[in-house]
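Worksheet: one structure, shown below.
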Amino acid sequence: MTGNPQRKYRADYQAPLYLIDSVDLSFDIHERATEVTARHAVRRNPQAPDGNQAWRLDGRDMRLLRIAVDGRELAAENYEQGETALWLSDLPEAFELTVVTEIDPDNNLSLEGLYRSGPILCTQCEATGFSRITYFPDRPDVMSRYTTRIEADATRYPVLLSNGDCVASGDAGNGRHYAVYEDPFAKPCYLFALVAGDLGVIRDTFTTASGRNVALALYTEHGNEDQCHHAMASLKDAMAWDETTYGLEYDLDSFVIVAVASFNMGAMENKSLNVFNTACIFAHKDTATDGDFARVRDVVAHEYFHNYTGNRVTCRDWFQLSLKEGLTVYREHQFAIDHGSPGVTRIEQVRMIRDVQFPEDAGPRAHPVRPESYVEMNNFYTITVYEKGAELIRMMAQMAGRDAFTRAVKHYLDKHDGQAVTIEDFVVAIEASAGLDLGQFRNWYRYAGTPRVSVHPSFENGRLTLELAQATPATPGQDDKPDFDIPVSVALFDEAGQVVREPEILRLQQQRQSFVYDSLETEPTVSALRGLTAPVRLEFDQDEAALVRLMAHDSDPVSRWDAAQSLYMATLKQAVVADLHGQDLPKLGQGLIDAISVLLNDPPADRALLAEMLTLPSTIQIGEAFDAIDVFAVEAARRHVKRAIAARFEHELTRLADGHAPTGDYVFDQDSAGRRRVFALALDYLATLDTAAVRERARSIYEAADNMTDRMAALNALQNLPGEEREAIRADFAERFADYPLVMDKWLRLQAATEDGDAVARVRDLLADSHFDFTNPNRVRALVGGFVRGNPLAFHREDKAGYGLVADEILRLDALNPQLAAALAGLLAPWRRYAEPYASGMREALARVGEAELSDNTREIVSAGLGEGG
Ligand code: B3K
Ligand code: ZN
């Protein structure tokens with residue numbers, strides 16, 4: 001914590017003064033005090049500027065016991081030491097540096113560096129956690145070969161793990177033992193990992209295409225092994241997929257995953273020793289939903305894919321984060337598309353961009369995919385860097401064609417193997433290999449904000465002219481935006497829904513451009529931005545008839561869904577406006593009724609697609625359509641439309657629920673998961689009618705369920721129907737799963753999202769409960785995140801108690817876990833998007849947080865939210 005956080009700028013990059021060829025670490029683990037001895041082979045970087053600058057070693061929150069150059073101990077006057085670094089001067093060209101530090105993982109609640117999660121000691125070094133272990137140039141462009149020796153009590157820590165291969169192990173006397181690991185690949189320190197603990201394990205093997213036998217192991221706290229098989233199967237799947245799709249084979253003899261309960265994010269791709277949040281590993285039908293199964297599969301694959309895109313070729317500096325994250329998310333998306341329904345998987349990705357990335361890009365924290373500056377890097381692991389970054393990759397892949405793009409990625413990986421490079425290096429490699437000109441395309445990396453693309457069709461004498469125009473709103477610090485290179489996929493359909501022009505990509509590169517289609521017999525229906533070919537907002541006023549046609553007939557499932565979304569949205573917007581004007585909320589229009597009828601009478605074979613097409617746009621989507629979000633009006637509108645649909649189609653929805661009711665044993669596959677989704681959706685609609693029948697049905701489904709997905713369907717349907725049925729199944733749930741913290745997170749979310757009673761008081765009580773572990777981020781996210789996102793009416797309630805609760809939690813957590821506190825501060829930061837009185841309430845709460853002494857993490861978010869610039 002400093003009063004004056006330093007802002008770092010991309011433009012200030014300087015090559016490291018010294019390189020470290022090898023790092024030799026020795027961890028002597030004891031209660032309360034772990035001694036770390038580091039020996040580095042250091043040499044002056046030939047690329048570094050001449051001169052006699054001091055060499056910076058990052059380090060914080062530890063005791064420096066000893067520092068020596070070529071065995072000669074330095075006295076305090078030989079170096080300069082600050083809060084977060086020390087500086088050495090007058091160094092030889094090449095030397096051995098020895099640093100001995102003492103750290104206390106038991107009291108490290110930041111979950112960065114070496115820390116304790118229950119019985120497990122583990123590390124998290126990305127972005128800059130290594131500097132909580134030893135003094136080191138904590139930057140990704142210093143790549144070294146690591147040898148790690150771990151010594152610890154043999155009973156408490158029978159399992160000792162680090163990156164690479166175990167080359168020695170044995171008894172160390174006094175009940176202690178040791179293990180030595182060697183990682184043959186040079187890596188940046190953010191990929192270093194160490195784990196020590198008493199762990200259960202499941203093992204498997206994978207044989208690579210060229211015949212390497214890889215030993216696979218997945219460790220967790222004892223007793224959880226049966227929840228790890230899906231993750232192991234997913235890992236093998238990902239290994240095979242990367243071989244067949246990209247020709248990338250695993251490069252070591254062992255690959256290990258350790259799942260820990262206390263983790264700040266989803267997982268971490270440390271070389272050959274991934275560390276995971278249990279929430280992204282555990283998946284058993286009794287305790288995890290279909291959504292959980294899919295997430296585990298995708299996160300396991302994502303971290304595995306980092307072995308090439310991130311580890312073998314890494315980032316030169318943290319401004320380049322999207323180099324590895326955007327590309328790896330893109331690869332994860334491809335993997336997910338190949339493992340489920342392609343249409344629905346893409347719909348989920350599009351929804352994520354619209355519901356989460358667009359708001360970020362329109363708020364106080366808008367930043368380019370390659371940011372220009374930051375105070376705390378951990379604040380920049382954002383949806384923009386990850387998901388918008390992946391969309392940029394997807395655009396390039398579309399321009400190149402999938403095969404040419406795959407070859408281009410291979411070219412990039414070959415060219416830069418073992419290097420720390422930039423996004424520019426990537427773009428250059430893609431241009432060269434795929435023969436593209438990405439000159440203007442680079443603007444996507446430089447500028448924040450979501451371009452708006454408007455479409456104006458006009459039809460005359462068999463000719464359709466499509467006028468496309470682009471405009472991008474200003475974002476903090478970037479008032480003027482250039483024109484972007486925007487691929488817009490367009491297809492044309494006739495009245496009967498037959499395609500008259502196959503999909504093609506129009507490239508909008510200027511502010512305004514016209515595209516002409518000749519020889520058309522009648523005026524066609526235009527389907528534009530199909531599958532979201534670019535991360536832009538489409539402004540296209542299509543009449544109801546055209547949308548109904550596309551919803552029924554478009555050849556692309558994503559476009560069918562999108563047409564449905566537009567249809568719903570028109571009704572929802574009218575309802576919001578009516579509510580704001582104190583008028584009666586509108587009835588469902590005939591066009592919408594017809595469209596839903598067609599959908600229900602002739603549903604798509606893909607059940608998950610049916611469920612998606614029957615799902616109304618989220619409240620976030622609806623709010624986004626207005627300049628100032630009126631939370632209560634949006635909620636009222638969505639509930640009204642949902643209930644109106646349920647009332648109008650009660651019979652059909654009941655039939656749908658009957659036809660998709662649980663049967664047989666649980667399997668996680670596309671069709672079964674799709675069927676469960678349709679059932680849950682039908683039940684959820686019917687619940688809005690609050691009949692005795694639906695209450696009873698939810699209860700009996702819960703009681704008969706052989707899996708968590710169906711149980712959650714019942715609990716969600718009864719979410720806002722207080723009464724005996726709800727209380728009975730919630731009580732059963734709490735008792736049945738009391739020993740499963742991740743399942744209890746679901747219960748906490750239900751509690752937080754319950755509208756009846758005093759939700760703020762209920763959440764405060766749960767937070768204060770002696771059983772509630774507020775040092776565990778999963779618990780905090782379930783309760784506080786679940787409250788803000790799941791209970792907007794309570795969060796935004798008039799007496800501002802909801803904002804107060806969040807502010808109090810930020811302040812309580814900031815001193816313990818700044819990353820988590822900063823994430824919570826992000827919930828209050830976008831107050832400007834809201835109507836009054838919400839905006840003022842949120843701002844006041846944020847300002848109260850801002851008055852305290854804060855970590856750099858939280859300070860950066862609060863300052864941005866309050867518009868204090870920087
Ligand atoms: N690279 C990690 C995220 C690290 C976050 C640091 N605050 C996991 C991932 O994106 O794969
Ligand atoms: Zn990643």
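The values are calculated or read from the model by the stated rules, or taken from the named source; none is laboratory data. Treat the numbers as computed from the prediction; the structure is a model and nothing was measured. No Cβ is skipped: glycine too gets one built from the backbone with ideal geometry, and neighbour counts run over all protein chains shown. The protein model used for the area step is the full one, side chains on, heavy atoms only, and it has no ligands, DNA or RNA in it. Shrake-Rupley method; radii C 1.70, N 1.55, O 1.52, S 1.80 Å.
Could you check, for the range 136-152, whether at least one of its residues is free of Cβ contacts under 8 Å to residues at least 60 places away in the same chain, open to solvent by 10 Å² or more (accessible area, probe 1.4 Å) and more than 16 Å from ligand 1 (Cβ to nearest atom)? No, the conditions are met nowhere in the range 136-152.
The combined condition, being within 21 Å of P535 (Cα to Cα) and surrounded by fewer than 15 Cβ atoms within 10 Å (Cβ to Cβ), is not fulfilled by Q498. Selection over the range 2-45 of residues that are outside any strand (DSSP E or B) and under 28 Å from L160 (Cα atoms) gives a count of 5. Can you pull out the residues in the range 371-391 that are under 15 Å from T128 (Cβ atoms), within 11 Å of ligand 1 (Cβ to nearest atom) and among the aliphatic types (A, V, I, L, M)? Hit for the range 371-391 is M377, nothing else. Restricting V356, V329 to residues that are within 15 Å of ligand 2 (Cβ to nearest atom) and either open to solvent by 10 Å² or more (accessible area, probe 1.4 Å) or assigned to a helix (DSSP H, G or I) (or both) narrows the list to V329.
Does T314 satisfy being within 16 Å of ligand 2 (Cβ to nearest atom), among the hydroxyl-bearing types (S, T, Y) and not in a helix (DSSP H, G or I)? Taking the combined requirement at face value, the residue satisfies it.
Filtered by the rule that a residue be within 12 Å of ligand 2 (Cβ to nearest atom) and aromatic (F, W, Y), the range 283-307 gives Y304, F305.
Restricted to the range 466-482, and to residues there that are buried (at least 17 other Cβ atoms within 10 Å of the Cβ) and assigned to a loop (DSSP other than H, G, I, E, B), the residue that is nearest to the chain's Cα centre (by Cα) is T472.
Within the range 271-304, restricting attention to residues that are within 12 Å of ligand 1 (Cβ to nearest atom) and hydrophobic (A, V, I, L, M, F, W, C), the residue that is farthest from G418 (Cα to Cα) is C280. Within the range 376-405, the residues that satisfy the criterion of being over 25 Å from K187 (Cβ atoms), of a type outside the set (K, R) and more than 16 Å from ligand 2 (Cβ to nearest atom) are M395, M396, A397, Q398, M399, A400, G401, D403, A404, F405. Here the strands (runs of 3 or more DSSP E) wholly within the range 485-601 that include at least 2 residues being without any contact (Cβ under 8 Å) to a residue 24 or more places away in the chain are 499-508. Residues considered: L824, L866, L854. Of these, the only one that is in contact with an Asp or Glu (Cβ under 7 Å, 6 or more places away or on another chain) and either closer than 21 Å to Q6 by Cα or open to solvent by 20 Å² or more (accessible area, probe 1.4 Å) (or both) is L854. Residues in the range 757-765: is at least one acidic (D, E) and assigned to a loop (DSSP other than H, G, I, E, B)? Looking for residues that are acidic (D, E) and assigned to a loop (DSSP other than H, G, I, E, B), one finds at least one in the range 757-765, hence yes.
Scanning the range 773-784 finds one or more residues that are open to solvent by 50 Å² or more (accessible area, probe 1.4 Å) and more than 25 Å from T382 (Cβ to Cβ).
Looking only at residues of the range 245-265 that are within 16 Å of ligand 1 (Cβ to nearest atom) and not in a strand (DSSP E or B), we find that the one that is farthest from D338 (Cα to Cα) is S262. If you filter the range 447-461 down to residues that are outside any strand (DSSP E or B) and in contact with a strand residue (DSSP E or B) (Cβ under 9 Å, 6 or more places away or on another chain), you find that the one that is surrounded by the most Cβ atoms within 10 Å (Cβ to Cβ) is A448.
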